[in-house]
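**Q** Okay, handing you the structure first.
The values are calculated or read from the model by the stated rules, or taken from the named source; none is laboratory data. Model, not experiment: these values are computed from the prediction. Here the Cβ is made from the backbone with ideal geometry for all residues, glycine too, and neighbour counts use every protein chain on show. Quick note on the areas: whole protein, heavy atoms, side chains included, nothing else; ligands and nucleic acids left out. Shrake-Rupley method; radii C 1.70, N 1.55, O 1.52, S 1.80 Å.
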Amino acid sequence: MTERRTAVVTGGGSGIGRAISLRLAEDGFATAVLDLNEEAAQVVAEEARQKGGEATAFAVDVSDRAKVDAALEKVRETYGPILVLVNNAGITGFKEFLKITDPVWDRIVAVNLSGPLYCTQNAVPDMIEAGWGRIVNISSSSAQSGQQYMVHYVSTKAGLIGMTKSLALELGPKGITVNTIPPGFVDTPMLRASEERGLLGGSVDKHADLTPVRRPGKPEDIAAAASFLISEEAGYITGQVIGVNGGRNT
Ligand code: NAP
């Protein structure tokens, strides 16, 4: 147990989740870094501790409710009630609409949409009891614009935006805010993998030239917005879609 508030970040072992985990540890939260890749989460937790923060890694597959419940119980045993949840873990997908098979659809829905449902249903009772909580869902700018060959991915992220808005109405009276950040074009392993597979329609550099701020996003750009939404002073902001995308979507 610790006097610090406890924050859970899913997919904390890489990219945006890593940056959010490091930032929340720096902000003073006891940070639980959850990831399918436990070793990657351990590296991030160690990095956070080296910088003077409090962080521990936990293995989880967010698409499996029993595994989510087990992991979050371990978080509680380590750090106490969960008052901050960042639903960041996600997988991408790229397929012609008519080639999206049931297993492909089911997997992306399980990770990107059911994952946030399972994690949030588990954590919310702690927040209700405390009369305070913060939930930040990492969606995608592709759900604002649409994206060809990504109907399955975009559908899950649009669903997450809907979940955010609806849950904000239900939880607002209980002192809990729920917001979503739809990132766009952030330089992470996920983005670089898409570039390597030729799925971006050009290089990261080419897209940077077409982005109003003329650079790709950094994971820290998303972490800064998450940190603010989780802060005390953001208590009047809920149900919002806060784009962090260099001006690519408005
Ligand atoms: P990333 O570098 O691939 O990191 C995602 C992390 O989530 C990885 O560590 C991954 O583990 C983990 N993960 C995957 N499936 C999981 C599961 N079932 N349970 C637990 N953890 C799981 O991706 P990123 O670019 O940082 O993306 C983070 C979030 O931002 C995602 O939700 C993504 O859709 C969203 N996003 C990113 C961008 C962008 O430009 N990068 C744009 C829009 C939205 P493994 O490595 O083991 O798979």
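**Q** Using a Gaussian network for the chain with springs between C-alpha atoms less than 10 Å apart, which of these wobbles most: Val213, Val60, Val154?
**A** Checking each option, the largest mean-square fluctuation is seen for Val213.
**Q** Treating only the Cα positions of the range 1-126 as identical point scatterers, give the base-10 log of I(q)/I(0) from the Debye formula at each q in 0.12, 0.14, 0.16 Å⁻¹.
**A** The Debye formula, applied to the Cα set alone, gives -0.42, -0.55, -0.70.
**Q** With Cβ to Cβ distances under 13 Å as the rule, what net charge do the other residues near Ile100 carry (K, R +1; D, E -1)?
**A** 0
**Q** Find me the longest stretch of the chain that has none of the exposed GluC sites (Glu not before Pro), where exposed means in a DSSP loop (not H, G, I, E or B) with at most 11 other Cβ atoms within 10 Å.
**A** Maximal segment without exposed cleavage sites: 97-250.
**Q** Check every DSSP H run in the chain and write down those whose alpha carbon atoms cover 15 angstrom or more along the long axis and whose mean Kyte-Doolittle hydropathy is -0.5 or greater.
**A** Long hydrophobic helices here: 15-26, 115-130, 151-171, 219-230.
**Q** Give me the Å³ per residue figure for the convex hull around the C-alpha atoms of the range 22-76.
**A** For the range 22-76, the hull spanned by Cα atoms encloses 63 Å³ per residue.
**Q** Using the crude model of +1 on Lys and Arg Cβ and -1 on Asp and Glu Cβ, and no other charge, please compute the dipole size for the range 169-250 relative to its Cα centre, in debye to 20.
**A** 200 debye
**Q** Evaluate the relative contact order of the range 104-173 (contact order divided by residue number), counting alpha-carbon pairs under 8 angstrom at least 6 apart; express in whole percent.
**A** Once divided by the residue count of the range 104-173, the mean separation gives 40 percent.
**Q** Accessible area per residue, 1.4 Å probe, Å², for the chain: what's the number?
**A** For the chain, the solvent-accessible area averages 46 Å² per residue.
**Q** Continuing with the same structure: Name the aspartates and glutamates eligible as straight-distance cross-link partners of Lys67: C-alpha to C-alpha under 15 Å, and not fewer than 8 places from it in the same chain.
**A** Asp35, Glu38
**Q** When the scattering of the chain is computed by the Debye formula from its Cα atoms alone, each counted once and equally, what is log10 I(q)/I(0) at q = 0.08, 0.15 Å⁻¹?
**A** Reported log10 I(q)/I(0), two decimals: -0.28, -1.02.
**Q** Counting only C-alpha contacts under 8 Å and six or more residues apart, can you give the relative contact order of the chain as a whole percent?
**A** 19 percent
**Q** Using only alpha carbon pairs under 8 Å that are at least six residues apart, calculate the relative contact order of the range 1-58 and give it in whole percent.
**A** RCO, the range 1-58: 35 percent.
**Q** Evaluate the distance, in nm, between pseudo-label points positioned 7 Å from the Cα of Tyr236 and of Ile128 along their respective Cα→Cβ axes.
**A** 2.8 nm
**Q** Could you tell me the distance between the Cα centroids of the range 64-140 and the range 198-250, to the nearest Å?
**A** 21 Å
**Q** Given a 10 angstrom Cα cut-off, can you work out which residue in Ala45, Ala55, Ala224 is the most mobile in a GNM of the chain?
**A** Greatest mean-square fluctuation among the candidates belongs to Ala224.
**Q** With respect to the cross-link table entries Lys74/Lys174; Lys51/Lys206; Lys165/Lys218, which display a Cα-Cα separation exceeding 32 Å?
**A** From Lys74/Lys174; Lys51/Lys206; Lys165/Lys218, over 32 Å: Lys51/Lys206.
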